[in-house]
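Have a look at the structure below before the remarks.
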Amino acid sequence: MTFTQKSITSYTDTELEQIDEDSLVNQFQSGDTEAFNPLMLKYQKKIYNLMYQRVRDQETAKDLCQEVFLKAFNALPNFKGGSAFYSWIYRIAINCSIDFQRKRNRDKVLTFEELPLEADEVLRMTDDYPSPEQLLDEKELGLIIRKAVKKLPPGQRRVFNLRHRRELAIKEIAALLNRSEGTVKAHLHHAHRQLQGMLLPYLRNEPLEWNGEIQ
């Protein structure tokens with residue numbers, strides 16, 4: 001479906017669902033900046049909901065939503081089409097929310113718990129009925145996370161899995177491993193920091209230097 005000089009306020013939901021995103025991206029990259037409008041309209045609600053889920057404040061979510069689309073507008077000329085448009089802008093949104101949280105809590109390091117651990121958790125952050133393209137990207141993230149966990153030192157990996165896979169309390173993990181609670185917390189802290197460093201490049205759509213590609 002081709003959009004020409006139509007007012008951006010007159011698109012119906014059905015029309016937005018039927019837009020040819022690749023064609024619009026190509027139009028934009030060829031100099032037609034108006035082609036960005038239907039892309040923004042199609043996903044602005046999803047991006048706002050994602051921002052609100054992470055910051056729990058309507059005005060802040062609106063501001064971050066605008067920031068996401070501004071960054072997407074500026075970065076779209078360099079978009080290579082290696083993933084679906086929504087997958088690409090979703091990563092921009094995650095990066096914006098991370099930057100916001102860091103600015104709000106400069107002395108608080110972003111912990112791994114704020115990153116989705118499994119593909120189904122990522123799905124809950126997007127839509128009840130994601131497209132096949134979104135499913136592929138979100139499953140990819142889940143696989144990369146699991147691969148990153150496998151790269152942790154054995155002690156950290158075991159504590160991490162007991163805490164996040166089996167959902168055991170710190171006290172329960174300490175008793176199970178015959179270690180002090182302080183030791184368990186230290187292992188968990190180092191695991192979070194290491195995983196954060198390994199995974200943030202992926203969310204920024206940057207190469208994974210630790211060779212985290214899917215095999």
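Read-outs throughout are calculated quantities, based only on the coordinates presented, and are distinct from any laboratory measurement. No experiment lies behind these values; they were computed from the predicted model shown. Cβ: placed from backbone, ideal geometry, glycine included. Neighbour counts: every protein chain shown.
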Query raised in the report: Once you put a point 7 Å from the Cα of Lys171 and another 7 Å from the Cα of Lys80, both along the Cβ direction, what distance in nm separates them?
Result: 5.1 nm
Query raised in the report: Just how large is the dipole of segment 166-211 about the Cα centre, in debye to the nearest 20, putting +1 at every Lys and Arg Cβ and -1 at every Asp and Glu Cβ?
Result: 140 debye
Report task. Calculate one ³J(HN,Hα) per residue across segment 187-194 by plugging θ = phi - 60° into the Karplus curve 6.51 cos²θ - 1.76 cosθ + 1.60, and present them in order as whole Hz with x for glycine and proline. Result -> 4, 5, 4, 5, 5, 4, 5, 5
